[in-house]
Amino acid sequence: MDIRLLQAVPSDTERAAVDAVLGAPASGWDGGVRVNARDSHLAYGGRAMRERRHELVPALQALQARVGWISEGGLGYVCERLQVPPAEAWGVATFYALLATSPRPRRMLHVCDDVGCRDNGGREVEAALVAAGGPAVAHEPSGTHMQLDANTPAWMHSPCLGLCDQAPAVLVTDAGDPAVERLIGRVTADVARALLAGAAPGADALANTVVPQVGDPSLVLLQRVGVVDPTSLTAYRNAGGYAALGRALQLGAEGVIAEVTASRLVGRGGAAFPTGRKWEAVRTQRATPHYLICNADESEPGTFKDRVLLTGDPFAIVEAMTIAAFATGCEHGFVYLRAEYPLANERLQGAITQARAAGLLGENILGQPFRFDIEIRRGAGAYICGEETALFESIEGKRGEPRSKPPFPVQSGVFGKPTLVNNVETLANVLPIVLHGGAAFAAIGTTQSTGTRLFCLSGAVERPGVYEAPFGTSLKALLKTAGASPRMRAVLLGGAAGTFLPAADTDFPLSLEGARAAETTLGSGVVMVFDDSQDLEAAVLRIAAFFRDESCGQCVPCRVGTVRQEEALHRLARGKTRGGAEAEFALLEEIGVAMRDASICGLGQTAYAAVESAVKRLQLFQGGAV
Amino acid sequence: MTTTLISIERPTRAPKKPLAFTIDGRAVTVEEGTTILAACRTIGIEIPTLCFLETLRPVNACRLCVVEVEGARVLAPSCSRTAEAGMVVYTKSARVIHARRLVLEFLASSVDLSTTPGMAELLAEYDCKPERYGPPKPHALAGERDAAIAGHHAAPDPDFAATVGQPVMVDNDLYVRDYAKCVLCYKCVEACGADHQNSFAIAVAGRGFNARISTEMAVPLPDSACVYCGNCIAVCPTGALMAKPEFDMRAAGSWNIEAQTTTDTICPYCGVGCTLSLHVQDNTIVKATSPLENSITLGNLCVKGRFGWQYVQPGPSADSATTRDG
Amino acid sequence: MFGAGGGTNSYAEVEETDVVFLWGSNARAAHPIWFHHLLKGVRNGTRLYVMDPRRTDSAKWADVWMGLNVGSDVALSNTMAREIIHAGLAHAAFIANGTTGFDVYRAAVEPYTLDVGEQLTGIPAAAIREAAHTFATADKAMICWTLGITEHHNAVDNVLSLINLCLLTGHVGRWACGCNPLRGQNNVQGGGDMGAIPNRLPGFQDILDPAVRAAFERHWGVPIQPTYGKNLTEMLHAMEHGKITALLCAGENPVQSDADGNKVARLLGGLDHLVVQEIFLTKTAQLAHVVLPATASWCEADGTVTNSERRVQRVRKAKEPPAGARDELWILAELARRLGTDLGNPTAEELWNEFRTVAPAFAGGMSYARLESLGGIQWPCPDESHAGETFLHGRLWETPVRGRPAPFSVVEHAGPAEQPDAAYPFLLTTGRRLESYNTGVQTGGYASPLHYGETVDMSPEDAVMLGCADGDLARVSSRRGEVTAPVRIDRALRAGLVFMTFHFPDSVDTNVLTNDQYDPKSGTAEFKACAVRIEALVASVGAR
């Protein structure tokens, strides 16, 4: 392409960081040194070069990780290497919250101020950081804000880091070679101050992943978490690992899909689509290749179950993906992993490497004519990329803007090819289904909701963490097991896209049909408990801010609606209503309905759900009533 | 009768199957692959659009064209959703009207739509009250919106409704960018990008309400990859992008569409033969466009055709032709 | 081509072909809207090869850029031909059916082995082989070219060598297959259509054909010479030898647009009588005894032009001309009247209808009304029920062939007439930029941020060797003249190759450098190659 390259020159460090991801330049025409004999009469480019576009985000991430931000020289070098127009690369870089496009210190603290942390120690951490290092970074310095020095750590707010069971949470990123990333839980004011002063971060909060029910023999999905060494393939195999893959290869692709269909497993990512039907749809697509994507972009505030599976039992996910690939004819798999989970990345990468070395990935898996491999793609700070079509765009090296459906991913997904997307938890269910049969799986749970489900208990509970329970277990019982506060006022069920339930409305079975009857949703399994020590209105405002922040901005209802919703809530919260609270409630309803009906994707469609329940069920914001 | 060795004609595609469905209770039969919007137009049902253009890939961003499809959970963008056999579509249901009204209000309360053709009528038709979201916030400073960090924003000011207001960008002699008028329809990005020009001088940067059309690092156009084809201006639905003569004449109050004639001719430059529509006011060319439906240009031109006609304007350069009247 | 003087295909076909050889063309800059069609093809999967000594903006879109040595086009096409023949990829059935002269051609290209090709073109043999195989095995393929092919002293040979490749592979006479010259000016094609070339009467009818002459003599009532007229280069020669002493020059600025401009100025200045019909007082007009101020034909008068896909389109009067400027038809009619012939006062449409009468097979069906309603029509269009032809020469696939089969032509590599040597060690090639046009009389006046004046573009390697930086002034001299221009470093160039435009002759008159060696068959001079010397000067100006 006849792109106009940037004039700024990359530093040697930036060049090296990018080359480490992209490989050395092939010629003087894509960022290498001009060699007359090779380059003066011949150049290759065109389609072959354009097909490398998907490497854009990894290359930008490499710059971010190495120097802490993406300079003009660095951006320009990536553009030259991949022949991506600078304006496009800029559009991508500025889309993702964890890619900085102006100078940042090598160390940044990303401090969770989301619903799970802010009232559970987060505010104290923030106060300590403000006192020690000034306000959070909120605008690029070219605006009006602050000049940042490379050697003076700074901090900024972050949406939910997926560590609500160990609130408050901080993600520490130290740019360098190697870059260091640590997700730290139960951060105290002292720890925060020390980190801001440059102290070495301790071990990742999850190095020893445990779950409250550890050792419970009824556990299915969590049976190995905290029990079997997640860094050892041998340990995994000794614990029965890879038996399911062996069985799957015996069953054959159609046999596997028959079992999955018989299990009546439905997707755990939120939409509850029958997994067997999805697999069959991908398997029978004529277009090739087929792609498999494990959606590990868990970013729904209050959700951390996938993190527990990925750090506590990574081989299970690799094995389950291999089975899914076998059944649906995929040769290439991606795990799209949220950026905020460095340990999950490490564990999963370790599992993939060991599996590959053992012939469990790659060519001729288990001696069969079956080829499959897995590549991890890390998010870069965008909740919307958990939406499957936005995820495709992100993998393709673009802004994470959802696509219009149809066409559906099974027909036209990543790179325009048939694509199977399954959530981490959904895939985890595949192993017991294949091992014990679909019928046995379907015997668990209720008639309409089969199997077990993971729930993320956090907030005002004594024993926060991920719980596994058969569908149909009552919410009340689950809250009791986790030790919910006796002063519980409300539960946020299903995440920011879910609903607030008053304490009195928590006695119903946790199943798809039970939730529907209770006019709520299980969503991503969030069960966040609020008692009287917490500010529910502030939580609702935070959720409204979250949707505004995370809207990709593509469609009008969501881009503007999330702003108008947040503005109305702030007017209510501050007693500055336009025409009284009832008028504001009516306006919120109008905005919410338009977002739900007319937005492109699930983000806008659910952006009013929690707000609506807060107003209608919890009767919040009545203070603004005249 | 002669025979040919092989088929030399354009390969014929399998004829598209007809399919029948219902719009507002009326039976419609269209070819497979027809969008709901196109089907509506064949039977005279008007659907408002903003981000849709026949010559661009639909981006489904504005959501003004949504319709209700019976049985669907949410509304569908008629500009890109293709009709299916048996589909039952409503273009004026209460849900549709509500969504369109709110979309229009969202835009009118956050964007300057004063130069969007037909917008005043549309706002009236849908009974929009954009003022109910509060008085518009004063314009941002130059560069302020460009400095936003994705995923972060300042808490709302309860006294104002947020807008995309910001100063006009005048950084070259050929055209002006007034992003206070930008509805983020993506048309300019598509026209500059893969749909037509493939120069990729602009893209959408940032996200959410701070999403904006930007060059790399928000540099001025002359420092960008812009080649001044003006194909972005040609597709801009709101006047956010405007050729300098029109911008200046509007500012001076001398822009008068009623006094303009439009004549189609052929560009005087290379041998491609692009149709130029010359908009002439007082014997002066004030704008050059090309018809969207023209098979050669699809509405596009290059910098020479779009702007390179100064030499025939009344003034000193043309007068020189008469200095030696033979 | 094969008796029809126009490109074989429609723009739409380039969107659906499988392989394009874009040869000697920087269409991205010179034909931007045609390039949109090409890019649609590229996005649809067309494999694009660009043959150009410079890695131009067009070449940057290519799957493969083949940076051949200037003037080695015949060597490259002959090498590909030999490779295609030896690999058994020639289209035997088509060759047998629709062509003549294959055996002689095969023998002629035999010496052009891949190694010889690499030596002559500079392109690695493996790349030539790959391109040849891709072209030959493609279902549909096209070759498109511009002045990189035709502004050489062996221009016609260059064109023939490309046509040979299409004949060899059967990539002609079919949808999305063919040979297409992209016309550099908005009515180059139309001028030829109407007979404004020295060897053809309207509708490309051969002036040597007695039947054709007889028909026109009947129609016009005047005798028509049974010999070809002179092309521009031949006219200049005739002036040099005193054979031409008076000239009417309409809408052309040869003093600045022709090679060896100093010589052209001297010859025009020496004429007994020079009349220039112009919209500007150009450098040429300044030499005239009489200047006839004309209207800008595309916006101040009515008429038609023909584009590169043979589409005849209407131009219309959109505004009044400046005081004193006259319609070109009026000027012509008045000239005739004063020279003793009354042509009446024909309108553009009346004149067009006369053309339809004398070239019925060509344009009989193209009434103004139809041109209007169909948005232009592609010739030939013999009658009013005919929609015009999207592509030409389908007849070559008919058995038996209707009309004359297409001949292969034997052409040999010649190289530029002037090669770099110790005294003039650089090769200068010239061309256009996106925002400017020809000698700049039309484009000089609008305020484009892309304008930066004339520069001498050179490779980074040469800049280092000459010790100059971007913006430094350099003196460029050839055996014919010298100019001074700022240096612009451009990675698109390789060492030894420099590039200039001819858009800014008032400040830098590039064509005083160029070589007026011309192709006797086409009359076009070798603008694309001349040897120059470059010296860095100390003073520096702020070029971009």
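Scanning region B:15-42 for residues that are surrounded by 20 or more Cβ atoms within 10 Å (Cβ to Cβ) and touching a residue at least 60 places away in the same chain (Cβ under 8 Å) turns up B:21, B:23. Annotation note: Cβ proximity below 9 Å between a residue of region B:147-164 that is facing another protein chain (nearest Cβ under 7 Å) and a residue that is among the β-branched types (Val, Ile, Thr) and assigned to a loop (DSSP other than H, G, I, E, B) (sequence gap 6+ or interchain) occurs for B:147/A:144; B:148/A:94; B:149/A:94; B:149/A:101; B:149/A:137; B:150/A:94; B:152/A:137; B:158/A:577. Applying the condition of being in contact with a Ser or Thr (Cβ under 9 Å, 6 or more places away or on another chain) and of a type in the set (D, E, K, R) to region B:47-73 and asking which residue is least open to solvent (accessible area, probe 1.4 Å) yields B:63.
Report yes if some residue within region A:246-261 is part of a helix (DSSP H, G or I), open to solvent by 20 Å² or more (accessible area, probe 1.4 Å), closer than 26 Å to residue A:443 by Cα and among the β-branched types (Val, Ile, Thr); otherwise report no. Within region A:246-261, one or more residues are part of a helix (DSSP H, G or I), open to solvent by 20 Å² or more (accessible area, probe 1.4 Å), closer than 26 Å to residue A:443 by Cα and among the β-branched types (Val, Ile, Thr).
Tell me the residue from A:592, A:553, A:561 that is assigned to a loop (DSSP other than H, G, I, E, B), among the small types (Gly, Ala, Ser) and modelled with pLDDT of 95 or more, please. Before the answer, list the steps.
Working: A:592 fails: assigned to a loop (DSSP other than H, G, I, E, B); A:561 fails: assigned to a loop (DSSP other than H, G, I, E, B).
From the options A:592, A:553, A:561, the qualifying one is A:553.
Looking for something in a helix (DSSP H, G or I), open to solvent by 70 Å² or more (accessible area, probe 1.4 Å) and more than 10 Å from chain A (Cβ to nearest Cβ) - is there at least one such residue anywhere in region B:129-145? Quick ask: steps written out before the conclusion?
Within region B:129-145, the subset in a helix (DSSP H, G or I) is B:130-133, B:145.
Add one more test, that the residue is open to solvent by 70 Å² or more (accessible area, probe 1.4 Å), and what stays is B:131.
Within this subset, residues satisfying the condition of being more than 10 Å from chain A (Cβ to nearest Cβ) are none.
Looking for residues that are in a helix (DSSP H, G or I), open to solvent by 70 Å² or more (accessible area, probe 1.4 Å) and more than 10 Å from chain A (Cβ to nearest Cβ), one finds none in region B:129-145, hence no.
Only one entry in C:379, C:397 is within 26 Å of residue C:204 (Cβ to Cβ) and not assigned by TED's automatic domain parsing to the domain that holds residue C:217, namely C:397. Taking the criterion of being within 22 Å of residue A:566 (Cβ to Cβ), open to solvent by less than 10 Å² (accessible area, probe 1.4 Å) and within 16 Å of the chain's Cα centre (by Cα), the only residue of region B:191-215 that qualifies is B:204.
Inside region C:424-516, counting only strands (runs of 3 or more DSSP E) that do not spill past its ends, which hold 1 or more residues that are free of Cβ contacts under 8 Å to residues at least 60 places away in the same chain and under 27 Å from the mean Cα position of the chain (by Cα)? Talk me through it step by step, then tell me what you get.
Values: elements: C:426-431, C:456-458, C:472-477, C:482-489, C:497-501.
Fully inside region C:424-516 and qualifying: C:456-458, C:472-477, C:482-489.
Looking at the structure I just gave you, is residue C:229 in contact with a strand residue (DSSP E or B) (Cβ under 7 Å, 6 or more places away or on another chain), away from chain B (no Cβ under 14 Å) and not in a strand (DSSP E or B)? Taking the combined requirement at face value, the residue does not satisfy it.
Checking the condition within 13 Å of another protein chain (Cβ to nearest Cβ) and either touching a residue at least 12 places away in the same chain (Cβ under 8 Å) or aliphatic (A, V, I, L, M) (or both), which residue from A:48, A:59, A:65 passes? Answer to the check: A:48.
In region A:383-404, the residue that is farthest from the other protein chains (Cβ to nearest Cβ) out of those that are in contact with a Cys (Cβ under 8 Å, 6 or more places away or on another chain) and open to solvent by less than 10 Å² (accessible area, probe 1.4 Å) is A:391. Restricted to region B:74-89, and to residues there that are touching a residue at least 12 places away in the same chain (Cβ under 8 Å) and open to solvent by 20 Å² or more (accessible area, probe 1.4 Å), the residue that is nearest to the chain's Cα centre (by Cα) is B:80.
Matching residues to (1) open to solvent by 20 Å² or more (accessible area, probe 1.4 Å); (2) among the aliphatic types (A, V, I, L, M); (3) within 21 Å of residue A:118 (Cβ to Cβ):
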residue	(1), (2), (3)
A:457	no, yes, yes
A:469	no, yes, no
A:475	no, yes, no
A:480	yes, no, no
A:489	yes, no, yes
A:496	no, yes, yes
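Right, residue A:17: part of a helix (DSSP H, G or I), within 37 Å of the chain's Cα centre (by Cα) and assigned by TED's automatic domain parsing to the domain that holds residue A:60 or not? Judged against the criteria, residue A:17 is a match.
Per the conditions (1) away from chain B (no Cβ under 11 Å); (2) open to solvent by less than 10 Å² (accessible area, probe 1.4 Å), the sole criterion not satisfied by residue A:560 is (1).
Being at positive phi, in the same structural domain as residue C:68 (by TED's automatic domain parsing) and out of contact with any Leu (no Cβ under 7 Å at 6 or more places or on another chain) is the requirement here; does residue C:170 meet it? Taking the combined requirement at face value, the residue satisfies it.
Of the residues contained in region C:394-401, one or more are found to be at pLDDT 90 or above, part of a loop (DSSP other than H, G, I, E, B) and within 12 Å of chain B (Cβ to nearest Cβ).
Going by the conditions given, is residue B:297 within 10 Å of chain C (Cβ to nearest Cβ), at pLDDT 95 or above and assigned to a strand (DSSP E or B)? Working first, answer last.
Working: within 10 Å of chain C (Cβ to nearest Cβ): yes; at pLDDT 95 or above: yes; assigned to a strand (DSSP E or B): no.
Answer is no for this residue.
Residue A:269 meets all of the listed conditions (1) in a helix (DSSP H, G or I); (2) of a type outside the set (A, V, I, L, M); (3) open to solvent by 20 Å² or more (accessible area, probe 1.4 Å) but one, namely (1).
Can you tell me how many residues within region A:603-620 are assigned to a helix (DSSP H, G or I) and open to solvent by 30 Å² or more (accessible area, probe 1.4 Å)?
Residues meeting the conditions: 3.
Here is a yes/no grid of residues against (1) in the same structural domain as residue A:126 (by TED's automatic domain parsing); (2) open to solvent by less than 20 Å² (accessible area, probe 1.4 Å); (3) assigned to a loop (DSSP other than H, G, I, E, B):
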site: A:59; (1), (2), (3): no, yes, no
site: A:73; (1), (2), (3): no, yes, no
site: A:76; (1), (2), (3): no, yes, no
site: A:100; (1), (2), (3): no, yes, yes
site: A:111; (1), (2), (3): yes, yes, no
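Take residue C:200 and decide whether it is of a type in the set (D, E, K, R), surrounded by 19 or more Cβ atoms within 10 Å (Cβ to Cβ), at the interface with chain B (Cβ under 9 Å from one of its Cβ atoms) and touching a residue at least 60 places away in the same chain (Cβ under 8 Å). Here the answer is no, as residue C:200 does not meet what is asked. Residues in region C:142-153: is at least one at pLDDT below 95, open to solvent by less than 30 Å² (accessible area, probe 1.4 Å), under 22 Å from residue C:410 (Cβ atoms) and assigned to a loop (DSSP other than H, G, I, E, B)? Yes - at least one qualifying residue is present in region C:142-153. Of the candidates B:172, B:198, the single residue that is within 9 Å of chain A (Cβ to nearest Cβ) and more than 25 Å from residue A:556 (Cα to Cα) is B:198.
Filtering region C:54-75 to residues that are under 16 Å from residue C:413 (Cα atoms) and more than 9 Å from chain A (Cβ to nearest Cβ) leaves C:70, C:71, C:72, C:73, C:74, C:75.
If the condition is being more than 18 Å from residue C:427 (Cα to Cα) and open to solvent by less than 10 Å² (accessible area, probe 1.4 Å), then region C:509-520 contributes only C:519.
The values are calculated or read from the model by the stated rules, or taken from the named source; none is laboratory data. Only a predicted model underlies this, so the values are computations on that prediction, with no experimental measurement involved. Neighbour counts are summed over all protein chains in view; Cβ atoms, including those assigned to glycine, are modelled from backbone coordinates with ideal geometry. The accessibility values were calculated without ligands, DNA or RNA, using every heavy atom of the protein model including side chains. Shrake-Rupley method; radii C 1.70, N 1.55, O 1.52, S 1.80 Å.
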